[in-house]
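Some notes on the structure that comes next.
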Amino acid sequence: MQTQLIPTLTGNYYRDPEILERELERIFFRSWLLAGREEQLAEPGDYFSFELGAESVLVVRGRDAVVRAFYNVCRHRGARLCATGAGRFEGAIRCRYHAWSYSLDGTLRAVPHLADPEQLPKRDFALYPVGVELWQGFVFVCLDPNGETLLAQLAALPERARPFPLASLRVGARAERSVEANWKILVENFMECYHCPGVHPELVDLVPLYRTGDVDASDTEPPEYREGVVTSTLTGTTPRPLFAGLRDRPRQRYHAELVLPNLLLYLFPDYVCARSLWPETPTRTRIVSEWLFERSVLEGPDAEIGDAVEFMNRLGEQDWQVCEAVQEGIVSRAHRHGVLLAQESQVADVTRWYRERFEAR
């Protein structure tokens, strides 16, 4: 019996501004999103911020060492408190418009030139809070106060990632890249290796299973590297020690995880790469990549991390070029939808996940 082909989403899902607005409201703003690493907030007052759609979120470490997140909005007249970026607040969060200031825990601290202090009960004008949770050194935020917990969203990832010392790793390199493709095209590409033989010659050289383009989604173990390969670099070798929790494995594995909607996590034997996806328009996505290494690897002036950065950049550029080709093609009036083969079953799983949330009220 012929296996029934599964249709993809129709082309308008990848190019319609109204659909993106609905995705932001029903998917991104209701999910835990990777915002950064806790090491960015080393001292009280350290902060970073990010934008998604019309929203801007401020993440800051308080004097009590607690990491909190707030909408980047002053409670006075709604001005954005600070420009998007990172830095350190010296004592308080101060609005650049009328100089209202807030403590690092978000409470209103001072209002200049207030004739009648009783006119404004400060306890009622704290910054609007945003949910924040930490996991293994990663900072996640969620704009939905009634959403599920971070651990519920991470599902089985914490157990699968247990051999990797994520909490103690540090960022050795960071890069941003805007790709002319809808965010879902990038996710769908990540979830199948049907394209690998023709697109990723370096990857299939390291992982023999990927030469077939047919990866069984039911496998519980990531695929093994070929004999002699220990990690994901162009040579398959590394100057860095393998993570202690992996050294006793007879063969190392290529391990990549998706945390919907915006985290692609590559867990390799000697480094980790975290890529977050941020929709900018229906047809453009900003990708933030961070390479994580053990602290000892990064000490000194000659940290040997270039091979890891080079490999993931090579892999990324290959993916992004074909994703941009998909974006170019689906604008055609001839394209209604595509089809998914059996080896693309994980893409079908993502589509089901997406529909459940996109159609929810």
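The values are calculated or read from the model by the stated rules, or taken from the named source; none is laboratory data. Treat the numbers as computed from the prediction; the structure is a model and nothing was measured. Don't worry about glycine lacking a Cβ; one is built from the backbone with ideal geometry, like all the others, and counts go over all protein chains shown. Just the protein is used for accessible areas: all its heavy atoms, side chains included, with ligands, DNA and RNA removed. Shrake-Rupley method; radii C 1.70, N 1.55, O 1.52, S 1.80 Å.
Computed values, structure above
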read-out	value
Accessible area of SER178 in the full protein assembly, 1.4 Å probe (Å², nearest 10)	50
Cα principal axis extents for the range 6-77, largest first, Å	52, 34, 15
Expected-Rg normalisation [2.2 N^0.38 Å, Cα atoms] applied to the range 174-270	1.14
Relative contact order %, the chain, counting alpha carbon pairs below 8 Å whose residues are six or more apart	21
Relative contact order (percent, whole number), the range 60-210, Cα cutoff 8 Å, 6+ residue spacing	15
Positive dipole terminus of the range 243-361, leading residue within PHE311, ALA348, CYS323 (C-beta point charges)	ALA348
Stokes-Einstein translational diffusion, the range 98-232 - Kirkwood Rh over all Cα pairs, 1.002 mPa s, 20 °C, in µm²/s	105
Per residue convex hull volume, Cα atoms of the range 182-338, in Å³	129
Computed [θ] at 222 nm, helices only, for the chain once each DSSP H run of length n ≥ 4 contributes -39500 (n - 2.57)	-6000 deg cm²/dmol
J(HN,Hα) series, the range 69-82, from Karplus relation 6.51 cos²θ - 1.76 cosθ + 1.60, nearest Hz, glycine and proline x	9, 9, 4, 7, 9, 6, 6, 6, 10, x, 5, 5, 5, 9
The range 278-361: GluC sites (Glu not before Pro) falling in loop per DSSP and having at most 12 other Cβ within 10 Å	GLU299, GLU359
Hull shadow area, averaged, the range 282-344 [alpha-carbon convex hull, nm²]	6.9
Exposure of ASP349 as accessible area (Å², to 10), given a probe of 1.4 Å and all protein chains	80
